[in-house]
Each structure stands twice: as structure tokens, then as C-alpha cells.
Amino acid sequence: MDFCFHYRITSFEGSLLEKSKAKDIVDSCKSIAKKYIFCNSEILSLELIGDRVISDLLDLFVPAVISIKDCTGFRSKEQKLYQMISENFRYVAAFDKKKEEAVKFSETPLYNKLQLVTDFISGMTDTYAVTLHQKLMGTKMP
């Protein structure tokens, strides 16, 4: 910040850390992380598992919210998956800003339906996502 204040910079292109007094420390930390952390087999395994969990959850929930016609029941797979999504997320997805009210989910634009799934999954903790994945894939019973 001293650098920006001194030169009266209001917008800055590039990394502030490159111009800071801590540049050498940051560069050393980056080098250590690349050499010892990011290539670690446990870290790589966790990243691959995380990718699988997110991909599988998206593969389950996206088709469900796209194809669902009636959101009130619990009979079809799509209805069950839809009901697993937080009611708050579902309300936001079905809210029509122009009408200032919630509309039927079947009338909700595709973009909002996809946003619903991404908000739901991205809002999960790692533990919740893995647990839900295990339950939905049948590797862990509820």
C-alpha cells in the first residue's frame, strides 16, 4: 500500500506482491509449495477425488433439475434429488425479479436451474460433499 500511496496509483496492473518488500519471501514460498506440496501424491489424490465428487454430483443434479416437471412429489429420482437441495436455494432459483414473486419451478429459466445446482454444490463443505456423494452412489448407507 505504501507503494500505491507514494505514487498515487488508483489502478494497478500486475501483482502487488511483485512490488512489495515481501517479494523474495513470496517467491520462496511459491517455490517450496511447487516442490514439496503440489506434487505430493496425497494432495494429487485428494484433488482427483474432489474432481470425481463434484463431477458425479453435477451429473446427478443437473439432469434432475432440467427434466423435472412436478417438484412437489417424492416418487421420481428427479423429484427426490430436487427435494435434497436446500429450500432457500430453490426459492431463490424460482424467484422472478420482474414479478417480485416465486414462480413454478417448471417456469424457471434454464440458467436459473443450472445456477441452482452450482450454488448448491459450490456451497457444500468438503465433508458434506463427500458424504452426500457416498450416499447417492450407494457406497455409504444413510
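Determine, yes or no, whether Glu18 is part of a helix (DSSP H, G or I), without any contact (Cβ under 8 Å) to a residue 60 or more places away in the chain and acidic (Asp, Glu).
Judged against the criteria, Glu18 is a match.
Considering the stretch 56-85 alone, what residues qualify as being among the hydroxyl-bearing types (Ser, Thr, Tyr) and surrounded by 10 or more Cβ atoms within 10 Å (Cβ to Cβ)?
Correct list: Ser67, Ser76, Tyr82.
What residue, among those in the stretch 104-122 that are exposed (fewer than 15 other Cβ atoms within 10 Å of the Cβ) and modelled with pLDDT under 95, is farthest from Gly73 (Cα to Cα)?
Selected residue: Tyr111.
Here's a check for you: in the stretch 53-69, which residue that is free of Cβ contacts under 8 Å to residues at least 24 places away in the same chain and not aliphatic (A, V, I, L, M) is farthest from His133 (Cα to Cα)?
Going through the qualifying residues, I end up with Ser67.
Among the residues of the stretch 94-123, which ones are among the hydrophobic types (A, V, I, L, M, F, W, C) and in contact (Cβ under 8 Å) with a residue 24 or more places away in the chain?
Passing the criteria: Phe105, Leu110, Leu114, Leu116, Val117, Phe120, Ile121.
Suppose we keep only residues that are charged (D, E, K, R) and assigned to a loop (DSSP other than H, G, I, E, B) within the stretch 72-100. Which one would you say is modelled with the highest pLDDT?
Arg75
The values are calculated or read from the model by the stated rules, or taken from the named source; none is laboratory data. Since this is a predicted model, take the numbers as computed values, not measurements. So basically every Cβ, Gly included, is an ideal-geometry build from the backbone, and we count neighbours across all protein chains shown.
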